[in-house]
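Taking it in order: structure first as structure tokens, then the write-up.
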Amino acid sequence: MPSSVSTSIVFISSIAVAVIVAGLILFVGYIWGHRPVPVVLPTPYCQGGQVKFQLQNQGTAPLDLSKVKINGVTVCGSDTLAPGETAICNYDAGDSCPTRLVVDVEGVGSFIITVTQTG
């Protein structure tokens, strides 16, 4: 086999490998960038121990509302929230209204909300 043919085969193989690696890098970047981003809209409030707040998905992937919890309790139902959609969430805080709560979103993270007491 002439050396120019082997050089061509090596060159073409190198290009093919580079294209495959670049494709994998782009795919992984897309997957990491394609995620839900839950945001609590102003203003969470509490009346008689019942906390209510609106949660909006500002990400690029659906958000499973059954994964939104306060103290281990699902507070937003079990639907799926598409990007840009908003849901009303409720939490029974008992006899008193808290001023702050930690909202845990499985697979996404946790954040603190400040609660306004009304009536």
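The values are calculated or read from the model by the stated rules, or taken from the named source; none is laboratory data. Owing to the predicted nature of the structure, the values given are computational and were not obtained by experimental measurement. A quick note on method: Cβ atoms are made from the backbone with ideal geometry, for glycine too, and the neighbour counts reach across all protein chains shown.
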Open item on the list: If I ask for residues that are buried (at least 16 other Cβ atoms within 10 Å of the Cβ), assigned to a loop (DSSP other than H, G, I, E, B) and in contact with a helix residue (DSSP H, G or I) (Cβ under 8 Å, 6 or more places away or on another chain), which ones from the stretch 90-119 would you list?
Closed with: Val108
Task: Contacts under 9 angstrom Cβ, first residue in the stretch 47-72 being on the phi > 0 side of the Ramachandran plot, partner of a type in the set (A, V, I, L, M, F, W, C), 6 or more apart - done: Gly48/Cys97; Gly49/Ala93; Gly49/Cys97; Asn71/Leu101; Asn71/Val102
- [ ] Could you run through the stretch 54-71 and say how many residues are of a type in the set (A, V, I, L, M, F, W, C) and either out of contact with any Ser or Thr (no Cβ under 8 Å at 6 or more places or on another chain) or over 15 Å from Glu85 (Cβ atoms) (or both)?
- [x] 2
Open item on the list: Quick check on Thr43: is it closer than 30 Å to Asp95 by Cα, modelled with pLDDT under 90 and polar (S, T, N, Q)?
Closed with: yes
TODO: Scan the stretch 73-85 for residues that are surrounded by 13 or more Cβ atoms within 10 Å (Cβ to Cβ) and touching a residue at least 12 places away in the same chain (Cβ under 8 Å) and jot them down.
DONE: Val75, Cys76, Gly77, Asp79, Thr80, Leu81, Pro83, Glu85
